[in-house]
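Enquirer: My structure is below; once you've seen it, I'll send some questions.
The values are calculated or read from the model by the stated rules, or taken from the named source; none is laboratory data. Predicted model only: the values in this text are computed from it and were never measured. So basically every Cβ, Gly included, is an ideal-geometry build from the backbone, and we count neighbours across all protein chains shown.
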Amino acid sequence: MSKRVRSHSLLAYALISYSITTTCWLPAGVIAAQRGYLLPTMDGIGRLLQTSFADATHLVVSVIFFFGVYGPLVAAITVTRIEGGKTSLKEFFGKMMKWRVRGRWYLLLFLLPIAFNLSALGIGALLSGAGGFAINPTYPLVTVISFFFYQVFTSGLEEPGWRGFALPKLQSKYNAGKSSWILGVIWSIWHFPFVAVLFYPMGIIPMALSLIGFTMGLIGQSIIYTWFYNSTRSILIPILYHASLNVSSIYIIGSDANPIVGVLPWVVAVFLLKKYGSETLSSKQRALD
């Protein structure tokens, strides 16, 4: 078994990750949709904390859903341990703790999400008026900071799997640009169980279009994540960027399902590909570790 995992480590990682997350998200999503439960999603956790749980079943469903986000992390730890033992695992956690990078990376990981969402706010206002596109300044600063740390330790912890494990594996075979596309697709498919449940009531065709649009948006973001990781060799930076993206979407737009926000990362992605080239997507010579 261990030998097979070592020979097909990326496949093993994807299967473990998908299995854990699908087992948690799909049944929880179906039950929540049937009973009208709020789930601890990015844009649902605030309302859930305000309204509390409807009953004991709601609490159980929410806990199951909550743990689905850790599929990529558990998969990465499991396969890394099988592949390289304690030494590889120590290196893996070391990258998660690497915070000594140039200050501009911290600035960028906060400014980019704000720029995406403010741009979406403006474009939305031009296309359809201000309705549905409004900054929500009513959140106290302490709430925003608390939500950021919540995102760091939930959605942000996808990144040790995607960028810490899967991306270096892909870059050992392909250039950074192609690796980003492949990982973007893998990453998107991981989200499909929940996205499908979310959009299924709209009908098959709208759901399918939503999945396609969602996938393209994540591929664009995947290129940006690769740039962050390859330039810093730190998993912490993608973790913080992921949290920053989620928080700014909720605070500025009020939702994580805005189609305009999904398009805008491609502006940055195309710029990065032109500036640094698809070979490394960074100023560094090669980015495999």
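Enquirer: Among the numbered criteria (1) over 22 Å from the mean Cα position of the chain (by Cα); (2) not in a helix (DSSP H, G or I), which one does Met42 miss?
Expert: (1)
Enquirer: Continuing with the same structure: Is it true that Leu26 is touching a Lys or Arg at 6+ places or on another chain (Cβ under 6 Å), buried (at least 17 other Cβ atoms within 10 Å of the Cβ) and either farther than 17 Å from Gly164 by Cα or touching a residue at least 40 places away in the same chain (Cβ under 8 Å) (or both)?
Expert: Here the answer is no, as Leu26 does not meet what is asked.
Enquirer: Which residues, counting only those in the stretch 149-180, are crowded, with 24+ Cβ neighbours inside 10 Å, among the hydrophobic types (A, V, I, L, M, F, W, C) and either within 15 Å of Ile237 (Cβ to Cβ) or in contact with a Leu (Cβ under 8 Å, 6 or more places away or on another chain) (or both)?
Expert: Trp162, Ala166, Leu167, Ala176
Enquirer: On to the next question. Going through the stretch 29-39 one residue at a time, which ones are outside any helix (DSSP H, G or I) and either surrounded by fewer than 14 Cβ atoms within 10 Å (Cβ to Cβ) or in contact with a Lys or Arg (Cβ under 9 Å, 6 or more places away or on another chain) (or both)?
Expert: Gly36, Leu38
Enquirer: Go over the candidates Ser244, Ser249 one by one and state the one that is touching a residue at least 60 places away in the same chain (Cβ under 8 Å), of a type in the set (Gly, Ala, Ser) and closer than 26 Å to Tyr37 by Cβ.
Expert: Matching residue, one of Ser244, Ser249: Ser249.
Enquirer: Sticking with this one: Do the conditions hold for Leu15, that is, is it of a type outside the set (D, E, K, R), surrounded by fewer than 16 Cβ atoms within 10 Å (Cβ to Cβ), at pLDDT 90 or above and more than 28 Å from Ile252 (Cβ to Cβ)?
Expert: yes
Enquirer: Being crowded, with 17+ Cβ neighbours inside 10 Å, under 20 Å from Val261 (Cα atoms) and among the β-branched types (Val, Ile, Thr) is true for just one of Ile212, Ile235, Ile224. Which residue is that?
Expert: Answer to the check: Ile224.
Enquirer: Looking for something in a helix (DSSP H, G or I) and at pLDDT 95 or above - is there at least one such residue anywhere in the stretch 190-210?
Expert: So far as the stretch 190-210 goes, yes, one or more of its residues are in a helix (DSSP H, G or I) and at pLDDT 95 or above.
Enquirer: Ile186 is checked against (1) aliphatic (A, V, I, L, M); (2) within 12 Å of Ile223 (Cβ to Cβ); (3) touching a residue at least 24 places away in the same chain (Cβ under 8 Å); (4) surrounded by fewer than 23 Cβ atoms within 10 Å (Cβ to Cβ) and fails just one. What number does that condition carry?
Expert: Result: Ile186 passes all but (2).
Enquirer: Just for the stretch 40-80: of the residues that are aliphatic (A, V, I, L, M) and closer than 26 Å to Leu11 by Cβ, which one is surrounded by the fewest Cβ atoms within 10 Å (Cβ to Cβ)?
Expert: Per the criteria, the residue is Ile64.
Enquirer: Mind counting the residues in the stretch 1-18 that are in a loop (DSSP other than H, G, I, E, B) and among the hydrophobic types (A, V, I, L, M, F, W, C)?
Expert: Adding up the residues that qualify gives 1.
Enquirer: If you don't mind, another one. Specify which of the listed residues (Gly71, Gly94) is assigned to a helix (DSSP H, G or I) and in contact (Cβ under 8 Å) with a residue 24 or more places away in the chain.
Expert: Gly71
Enquirer: If I go through the stretch 47-67 residue by residue, how many of them are of a type outside the set (A, V, I, L, M), more than 19 Å from the chain's Cα centre (by Cα) and part of a helix (DSSP H, G or I)?
Expert: 6
Enquirer: Among the residues of the stretch 18-53, which ones are under 27 Å from Ser146 (Cα atoms) and among the polar types (S, T, N, Q)?
Expert: Correct list: Thr21, Thr41, Gln50, Thr51, Ser52.
Enquirer: Hey, another quick one. I need the full set of residues from the stretch 211-245 which are at negative phi and outside any helix (DSSP H, G or I), in order please.
Expert: Ser234, Ile235, listed by residue number.
Enquirer: Another question, if that's okay. Do any residues in the stretch 275-288 that are closer than 18 Å to Ile235 by Cβ and at pLDDT 70 or above have Cβ atoms under 7 Å from those of residues that are part of a loop (DSSP other than H, G, I, E, B) and among the aliphatic types (A, V, I, L, M), where the two are at least six apart or on different chains, and which pairs are they?
Expert: Thr280/Ala287
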